[in-house]
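Structure first, then comments.
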Amino acid sequence: MIEQGLIQKHFLGRDGFIWWIGQIVDQTQWGGNFPEHPTSTTEVQKGFGFRYKVRIMGYHTASQADLPNEDLPWASVLLPVTAGVSGGGMSTPNLRQGDFVQGYFMDGEDAQQPVIMGVLGYNQYTDILKNPPEDVSFAPFSGFTVKDQIPQYSLPLKENQTTKAKAEEVKTKSDSNYKEVLESTIRAQTTDSGADKEQDKTESKKSSVSKDSKCEPVPIGPIQTKVKNMIADVEEIKKTATDWETMVSTKIYNMQEEIDKVTDNATRSISSDVKRITQGIQENALKKVNDALSETYNNVFPTQLMQLKEKAEAANDEVSCAFKNIMKNLTGMVGGFLKDIINKVINAAECLINNFIGSLLGKITGLIDSAVGAAMAPIKSLLSGMGSATGALDDVLGFATNALSFLSCDEDPNCSDVKDWNPTDGPKINATLDLQSIFGKAKAAADSVKDAVSGFANLGDAISGIAKGADFSDVFENSCNVGPLFCGPPTIEFLGGGGSGATGNAIISVAGTLLGVDIITPGGDYIGPPRVKFNDSCNKGRGATGKAVIEDSKVVGVIMDDTGTGYLPSPDGSQGGDGRTWADKDRTTVRRSDNTYDPPYKPGSVITVCPGDEVTYPGGNSVIITGDECQDITAPPLDDTTKGGPFPSTGAGDYPIVLELDGINVTNPGFGYDCSKDKVIMQPSHGCEFKLMCDSLGSIIRVDVVKGCIGFNEDPDIYIQSDTGYNARMMPVFKVNRVGEELQPELVSSGELIQVIDCVGKV
């Protein structure tokens, strides 16, 4: 070029501007540089910005045999000024395979550092190859792969020339720079951002489902949900003290102020739930008092009625006043409980909530029992002087647990079994209302309160004093595990269907997808397929969905609609519960002698521990500090050779299985397929062969397995190789063969085995 001259400056812009036109090649050559999920390192997404492989006209041959796609130089992307880059802005290129792009060479005539400036447009009449020839380039081919779901408005409109004919035409073209272009399709790439993390935290929270009191006289489910959310929120706030990223993303700068705000909100909400129960106790108590007085009226002389009426009115006023005083102090009692458990509870187990409700109701009924006793004393004294019977009044006294009898009423058969809801996780079945535990806890607490009342000058002081000093340490009794669980595979829950008893173990691939369910017990009495719920206690994995299959009123299998992602095939050493990860696998955790937990420690942190403290190191090994003095220890790094801690559900270990293809589940029939020509492709195939069945519109009716296969340990890719069809989606249906039962170990190679964690009991 004239502007370049004979002497090169070797400085961009000084030696001229060399531009080019090229085509983005098959995404298999560059898709790995765009991770589907956020990454914290540059091991996958290397280089400057977003990068693609581009075959450039006039510089690279059209024949891939002469210059393979993998040997092409990486092309960076020149983003618009609105992207911002370092100023907090963000922009993602929407380029796909097949797009024709224009750019320049950053290194001039060396032509090894291409930069994409823009994409060339096209119209809807361009003929597009759905399956381009392997060794021909610069031909219009679809930006969608055979596995993509394609919007109908993006499909080619011309019908006068088939894609197969177009392919034959392309093969005859020479290695020249012709200007055919194709559609531009959009697929935004995910990036790791604070907004993504905050959205994930928001979606992981449960939402309580309100119910009528006849369906849930004690709102165990909503209370449990609110306690879980409070604990998770407080943990997130505490991270701001040691995690700068969390502080920035949450914009929390006064930790204690924010903790108080979260606890106060939870206190008000839970107090409202408990108030409903207390009102039920009040109605029951006043009814018993008035029923006893009504019976007493019939046993006195008419001349005694006026005096008895005055005493009865005073008694009702005193009982009502006691309830008002209790209601006034209810929020303080609930708040005291919540503040006490903040550092002691990682998992808000159902037993914890049942124990709390029992202890709280016991304290309330104990105070009411004392109030009724004090109110009835003048009446008993009056009637005793008159020589009248007091048996009915004696029956009223000491009714602490009887006052809770309204809780055991039969539930309406139309009541839903759903307890709470999560936008990404779906419904959760009702928590179990353990009435026996609640009644027992309430009786013990009531007796203790009645003994304490005698130490106060009057009942009003007793209610205020006992409420302010309420002790809920007894909620941790009865082996109620509220500590962290070791994160592992999800558990399976079968909801509804009219039956019960079905259990199963999740089958997880090495890639973290949920391949299927091994049914352990089929249950019985199912009148319809129950809902299948995959519960990941640490929220490591998500997205798996499936349908239960029933035969003879029993669950015999689960057909997967989506295998999800991110599930742990076995415990990895991380800890958590209630739908979040509390401690990563490289963290050291400490439970103090008073049963409070410290926030997890990063490797290298210096920790002061004292006798009685329990330290759990990365890998799951725990030690209890002994001796007479406190000492400093350093949190060690994770030893990759150590195995994660024991699985918390049963500790029953694992067992080997082999998966056999039992069928194909067509989740989307698609359209436009020619079943006489099109072929089902499965990678890896394991030797399977299939036959397609289509309707008149070319939609897939079913896929028959002509030749079976065995030995799957990962999700196979299943798609249809077709020149005309679009959007069919299929999922494999596996038969589970336990090694040692249906199959002999010697018949199976080690590469075909999958180890399944036994969550419901040894097989």
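All of the numbers you see were taken from the coordinates with simple rules; none came from a lab. Quick caveat, the model's predicted, so the values are computed rather than measured. In this analysis, Cβ positions are derived from the backbone assuming ideal geometry, glycine residues included, and neighbour counts consider all displayed protein chains.
Assorted remarks:
- FRET efficiency for the Phe456 to Glu477 pair, using the beta carbon distance and R₀ = 35 Å, is estimated at 0.85.
- Highest average packing first - 328-335, 95-102, 628-635, Cβ atoms within 10 Å: 95-102, 328-335, 628-635
- In a fully extended conformation the segment linking Asn621 and Asp525 would gain 30.2 nm over its present Cα-Cα distance, using 0.36 nm per residue.
- Length added when fully stretched, Asp717-Asp291, from 0.36 nm per residue minus Cα-Cα: 146.1 nm
- Entries of Lys228/Lys602; Lys677/Lys735; Lys380/Lys443; Lys226/Lys344; Lys228/Lys441 with Cα pairs more than 18 Å apart: Lys228/Lys602; Lys677/Lys735; Lys380/Lys443; Lys228/Lys441
- The Ser593 and Leu638 beta-carbon pair, evaluated with R₀ = 25 Å, returns a calculated FRET efficiency of approximately 0.45.
- Distance between the pseudo-spin-label points of Thr92 and Val706 (7 Å out from Cα toward the beta carbon): 4.1 nm.
- Nitroxide proxy distance, nm - points 7 Å out along Cα→Cβ at Ile607 and Asp662: 4.5 nm
- Each of Glu310 and Ser685 was given a label point 7 Å from its Cα along the Cα-to-Cβ line. The distance between the two points is 10.3 nm.
- Across region 570-609, C-alpha contacts under 8 Å between residues 6 or more apart give a mean separation that, scaled by the residue count, equals a relative contact order of 27 percent.
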